Amino acid sequence: AQSVTQLDSQVPVFEEAPVELRCNYSSSVSVYLFWYVQYPNQGLQLLLKYLSGSTLVESINGFEAEFNKSQTSFHLRKPSVHISDTAEYFCAVSESEGNEKLTFGTGTRLTIIP
Amino acid sequence: ETGVTQSPTHLIKTRGQQVTLRCSSQSGHNTVSWYQQALGQGPQFIFQYYREEENGRGNFPPRFSGLQFPNYSSELNVNALELDDSALYLCASSRQGRFNEQFFGPGTRLTVL
């Protein structure tokens, strides 16, 4: 069975500083990886995804994540954060094509300090 | 284009009661998935519906059941509510296919007393 570990439940970062949110997964087969963001009182929004090809994937708002198969990781990074990045971030994994069941981590709350 | 909507926003029930949560999928989407997000946890997959049939289920007991209607909207029913059923219930819609993005609704907050 697949599982996702997000070791950091909360990450406080000063505005314009870099940030890394860690995600490790466990699976016996090939996986597909996702980062979702949840702003206060809103639903989840897809931030970026890795399905195949280049191991470095980017979002339109400056986040990037790198799939590392040997370390079973998919860490999320941003070189310079803004107040608007304050949110809960969830890493998710899926093994199957077809019903696309997502297994989520417990989330990391990113707080930006002005 | 209307996004995924869920109703009601909040709900309070007592232990042993039954509850129905509703989800309207985004226009053009034919697949609906339901997730339970307990406080401080990530969402957990309950089940998915495609063309009005259950298309995959997570580790939830049979008292969690669902329906999908011809217009692709969906219901989640929970019987014999337990205190641990208190959570945010999320609905996500998508087009069936290879990892087409799932679009999530804002959720229904269920409190069981």
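The values are calculated or read from the model by the stated rules, or taken from the named source; none is laboratory data. Computed from a prediction, not measured in an experiment: that's the story for all the values here. Note that each Cβ is placed from the backbone with ideal geometry, even for glycine, and that neighbours are counted across all protein chains shown. Quick note on the areas: whole protein, heavy atoms, side chains included, nothing else; ligands and nucleic acids left out. Shrake-Rupley method; radii C 1.70, N 1.55, O 1.52, S 1.80 Å.
Quick check on this structure: which one of B:Gln41, B:Gln48 is within 10 Å of the chain's Cα centre (by Cα) and either within 13 Å of chain A (Cβ to nearest Cβ) or among the hydrophobic types (A, V, I, L, M, F, W, C) (or both)?
One residue alone meets the criteria, B:Gln48.
Mind listing whichever residues of segment B:14-25 are at pLDDT 95 or above and either open to solvent by 50 Å² or more (accessible area, probe 1.4 Å) or outside any strand (DSSP E or B) (or both)?
B:Thr14, B:Arg15, B:Gly16, B:Gln17, B:Gln18, B:Arg22, B:Ser24 - these are the residues of segment B:14-25 that are at pLDDT 95 or above and either open to solvent by 50 Å² or more (accessible area, probe 1.4 Å) or outside any strand (DSSP E or B) (or both).
Quick one: A:Leu7 ticks every box in (1) assigned to a strand (DSSP E or B); (2) under 15 Å from the mean Cα position of the chain (by Cα); (3) over 30 Å from B:Gln6 (Cβ atoms) except a single one, so which number is it?
Of everything listed in (1) assigned to a strand (DSSP E or B); (2) under 15 Å from the mean Cα position of the chain (by Cα); (3) over 30 Å from B:Gln6 (Cβ atoms), A:Leu7 misses just condition (1).
Which one of B:Tyr35, B:Tyr50, B:Tyr89 is open to solvent by 20 Å² or more (accessible area, probe 1.4 Å) and under 22 Å from A:Leu46 (Cβ atoms)?
B:Tyr50
Among the numbered criteria (1) loosely packed, with under 12 Cβ neighbours inside 10 Å; (2) under 13 Å from A:Phe104 (Cα atoms), which single criterion is violated by A:Asn41?
(2)
Residues checked against (1) touching a Cys at 6+ places or on another chain (Cβ under 7 Å); (2) within 12 Å of chain B (Cβ to nearest Cβ); (3) without any contact (Cβ under 8 Å) to a residue 24 or more places away in the chain:
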residue: A:Thr5; (1), (2), (3): no, yes, no
residue: A:Ala17; (1), (2), (3): no, no, no
residue: A:Cys23; (1), (2), (3): yes, yes, no
residue: A:Leu44; (1), (2), (3): no, yes, no
residue: A:Gly53; (1), (2), (3): no, no, yes
residue: A:Ile60; (1), (2), (3): no, no, yes
residue: A:Asp85; (1), (2), (3): no, no, no
residue: A:Phe90; (1), (2), (3): no, yes, no
residue: A:Ile112; (1), (2), (3): no, no, no
